[in-house]
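Read the structure below first, then the notes.
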Amino acid sequence: DRLPADAQLIVFAGRLTAIKRPERVVDLAHSLTDSHPRAHVAITGDGALRAELEATAPANVAFLGMCDDMTVVMRAADLIVLTSDNEGMPVALIEAAMHGVPAVTTDAGAVRQVVLAGESGVVVPIGDAEALCAAVVTLLDDPARRDRMGDAAQRHAQQHFSSGRLVDDYRRLYDALLAARR
């Protein structure tokens, strides 16, 4: 389906499993239906909860399934949400940041290594649905702030998570290991 030209797109990217708490995204979509009719949610990923989520999702939610290339989705996104109770290194947030997409995320795992709270996105307490919704609404209602956060997210991601930086890290590690053997 095509989005309206003036749509505000919120993306969730992840496994549709209990620990990722995707039902919070569906609840968020319900909360935005009346107050923010331009807000649409794209849920990418698949998992055991998909059928249940689809059965309860409002019309402003699209289930995209597994996406081999998230570039098209991220280019269309206004923001990304992460609703997990537990998280390792949030690759979806890194990918969004590389595309200049700010995040609204729960304070799970290594999220704060990727999202600079208040600078490149908003970090809310795990399970606080009101804070999650309020943060999303704030960014939907303030495109200038959202753009500033997206720019900050992109700069931070390029500096800390780019492939070039990772190659340099491995090179330094190998050099140190070789020097230690000598």
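The values are calculated or read from the model by the stated rules, or taken from the named source; none is laboratory data. Because the structure is predicted, anything quoted here is derived from the model rather than measured. Don't worry about glycine lacking a Cβ; one is built from the backbone with ideal geometry, like all the others, and counts go over all protein chains shown. To get the accessible areas, we keep the full protein, side chains included, count just its heavy atoms, and leave off ligands, DNA and RNA. Shrake-Rupley method; radii C 1.70, N 1.55, O 1.52, S 1.80 Å.
Brief remarks on what is shown
- Condition met for Val41 (part of a strand (DSSP E or B) and either surrounded by fewer than 13 Cβ atoms within 10 Å (Cβ to Cβ) or under 15 Å from the mean Cα position of the chain (by Cα) (or both)): yes
- Yes/no for Asp175 being open to solvent by 70 Å² or more (accessible area, probe 1.4 Å) and within 22 Å of Gln8 (Cβ to Cβ): no
- Filter pass, Gly150 being on the phi > 0 side of the Ramachandran plot, open to solvent by less than 60 Å² (accessible area, probe 1.4 Å) and either out of contact with any His (no Cβ under 9 Å at 6 or more places or on another chain) or touching a residue at least 12 places away in the same chain (Cβ under 8 Å) (or both): no
- Scanning the stretch 61-90 for residues that are open to solvent by 10 Å² or more (accessible area, probe 1.4 Å), farther than 13 Å from Gly45 by Cα and part of a helix (DSSP H, G or I) gives Thr71, Val72, Arg75, Ala76.
- Identity of the residue in the stretch 126-140, without any contact (Cβ under 8 Å) to a residue 40 or more places away in the chain and either touching a helix residue (DSSP H, G or I) at 6+ places or on another chain (Cβ under 6 Å) or in a helix (DSSP H, G or I) (or both), that ends up surrounded by the fewest Cβ atoms within 10 Å (Cβ to Cβ): Glu130
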